[in-house]
Structures are given as C-alpha cells and as structure tokens.
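The values are calculated or read from the model by the stated rules, or taken from the named source; none is laboratory data. Here the structure is a predicted model, which is why all the values come from computation and not from measurement. Using ideal geometry, Cβ is built from the backbone for each residue, glycine included, and neighbour counts are taken over all protein chains shown. Please note that ligands, DNA and RNA were not included when accessible areas were found on the heavy atoms of the full protein model with its side chains. Shrake-Rupley method; radii C 1.70, N 1.55, O 1.52, S 1.80 Å.
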Amino acid sequence: ETGVTQSPTHLIKTRGQQVTLRCSSQSGHNTVSWYQQALGQGPQFIFQYYREEENGRGNFPPRFSGLQFPNYSSELNVNALELDDSALYLCASSRPDGGYNEQFFGPGTRLTVL
Amino acid sequence: QQQVKQSPQSLIVQKGGISIINCAYENTAFDYFPWYQQFPGKGPALLIAIRPDVSEKKEGRFTISFNKSAKQFSLHIMDSQPGDSATYFCAASIENTGTASKLTFGTGTRLQVTL
C-alpha cells in the first residue's frame with residue numbers, strides 16, 4: 001500500500017453538476033499528478049502540480065481544474081459534468097527533485113455521472 | 001492519438017508458464033518505460049522500469065526486453081503464479097530533470113493465471 005490517499009472512494013453525480021476530488025500525497029512528496037482511467041482503458045494524464053503550480057496538462061478541457069495546497073495535497077475539480085466523465089480518477093505523488101521520480105498511485109475515486 | 005499500443009488485450013496462462021505482454025511506442029523522445037500492475041479496486045503499482053540505454057532488465061520473475069530500433073518493449077513474467085492475475089499496463093514518458101514524468105499508458109492487458 002502506498003501512502004497516497006484519495007477521497008471520496010465513490011461518487012455519483014448528474015450531468016451538469018460540479019465535483020471536487022481530493023488527494024493526499026505520500027509524506028515528503030511535493031508533486032501530484034492526476035489521471036483519468038475510463039473503464040477498460042489505461043490512465044490518461046490530466047495535469048500535474050509541483051509546489052502549488054500547474055506543471056503540464058494533458059488533452060482535457062478547461063472545465064477540469066486543480067489546486068495544490070502548501071501541504072502538497074491536491075484537489076481535482078470538474079465543472080459541467082458530462083456522461084463521458086464517468087471514470088476512475090487516480091492521483092499519483094512523487095518527489096522528482098529529491099531523486100525519486102517513481103509515481104505512487106492512490107486507490108482512486110470512482111465517479112459515475114448519470 | 002494513442003502513442004503506446006499494447007497487446008494482447010487479455011491473456012490466460014497456466015501456472016508455471018511464461019506470460020508475455022508487448023508494447024510499441026511512436027514518440028522517439030520517450031526515454032523511460034515503466035510497467036504497472038493493477039489489481040481490482042487498487043491504483044496501479046510500479047512493477048519494473050527500463051531506460052533505453054539497456055536492452056534488458058530483470059527483477060526476480062519479471063523481465064523487460066527493450067528494442068530501441070523497433071520502438072518496442074515487452075514484459076515477461078516467468079513461472080507465472082495465480083497471484084500474478086491482474087491488469088498490466090505499459091507506459092512511456094520523457095524524463096525531465098527535477099519534475100515528474102507525465103506518463104502515457106497503454107490500454108492494458110488482463111492476465112489470468114490458471115491452476
């Protein structure tokens with residue numbers, strides 16, 4: 001088990017609603033990356049936060065946004081939910097500037113949009 | 001655009017057999033190639049990784065073979081065990097000094113090891 005935790009575990013929303021997912025990084029890690037994993041697919045990179053700044057973004061629309069806090073925990077916000085947003089959302093933490101580039105994944109948040 | 005192609009989609013291997021999963025990539029700038037193992041209800045966990053300066057890396061029963069000219073790499077699981085039954089993902093990224101990699105994943109291979 002990694003030290004990365006995510007909340008909530010499961011979430012059900014309806015189209016058009018907004019959702020916030022949370023991630024606590026492993027102790028000592030200052031970078032959090034978010035990935036979307038659709039059913040039966042590999043994770044897709046959404047964005048990454050390093051020391052509270054966005055450090056790279058994948059091919060996701062602006063209604064996907066994020067934050068990183070001074071304790072390096074992070075939030076993923078999705079506005080105007082669409083049915084295709086139903087997926088497992090994974091966060092991964094790392095500390096690349098400490099020589100530890102390996103990304104440790106949390107268990108994910110399963111989002112269902114009805 | 002799928003930059004990392006993975007095959008097969010599913011694989012059934014008898015206990016003690018060899019499991020082989022293949023991946024091909026397109027972006028020649030990729031320089032870090034990890035394999036992840038994911039059990040149901042869990043996040044992916046790093047299994048083994050390779051960089052393109054070597055052609056093979058072995059850790060226990062797990063071996064990565066890397067062919068830079070063909071832009072292909074594969075995972076071999078020797079003496080496969082029922083506990084290896086999981087979904088395996090290959091990935092690729094461009095390593096940047098001081099910042100975390102942005103991983104591009106394959107579509108996954110569901111491995112079932114039978115008794």
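Against the numbered list (1) surrounded by fewer than 17 Cβ atoms within 10 Å (Cβ to Cβ); (2) of a type outside the set (F, W, Y); (3) in contact (Cβ under 8 Å) with a residue 12 or more places away in the chain, B:Q38 comes up short only at (1).
Looking across segment B:5-33, the residues that are within 11 Å of chain A (Cβ to nearest Cβ) and either within 16 Å of B:K68 (Cβ to Cβ) or polar (S, T, N, Q) (or both) come down to B:Q6, B:Q9, B:S10, B:C23, B:Y32.
More than 12 Å from the chain's Cα centre (by Cα), away from every other protein chain (no Cβ under 11 Å), surrounded by 13 or more Cβ atoms within 10 Å (Cβ to Cβ) and closer than 26 Å to A:A38 by Cα: does that describe B:S93? Against the criterion (more than 12 Å from the chain's Cα centre (by Cα), away from every other protein chain (no Cβ under 11 Å), surrounded by 13 or more Cβ atoms within 10 Å (Cβ to Cβ) and closer than 26 Å to A:A38 by Cα), B:S93 does not qualify.
In the set B:S85, B:S101, only one residue is in contact (Cβ under 8 Å) with a residue 24 or more places away in the chain, over 11 Å from the mean Cα position of the chain (by Cα) and more than 14 Å from every other protein chain (Cβ to nearest Cβ); that residue is B:S85.
Residue-by-condition table, conditions (1) closer than 18 Å to A:Q103 by Cα; (2) at the interface with another protein chain (Cβ under 9 Å from one of its Cβ atoms); (3) small (G, A, S):
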position: A:T5; (1), (2), (3): yes, no, no
position: A:P8; (1), (2), (3): no, no, no
position: A:R15; (1), (2), (3): no, no, no
position: A:C23; (1), (2), (3): yes, no, no
position: A:S27; (1), (2), (3): yes, no, yes
position: A:N30; (1), (2), (3): yes, no, no
position: A:Y35; (1), (2), (3): yes, yes, no
position: A:Y49; (1), (2), (3): yes, no, no
position: A:G58; (1), (2), (3): yes, yes, yes
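Residues in segment A:29-49 that are open to solvent by 50 Å² or more (accessible area, probe 1.4 Å) and in contact (Cβ under 8 Å) with a residue 40 or more places away in the chain: A:L39 alone. Scanning segment A:88-106 for residues that are open to solvent by less than 30 Å² (accessible area, probe 1.4 Å), within 14 Å of chain B (Cβ to nearest Cβ), in contact with a strand residue (DSSP E or B) (Cβ under 8 Å, 6 or more places away or on another chain) and not in a strand (DSSP E or B) turns up at least one hit. It is to be established whether one or more residues within segment A:75-87 are within 25 Å of B:W35 (Cβ to Cβ) and either part of a strand (DSSP E or B) or at pLDDT below 95 (or both). Yes.
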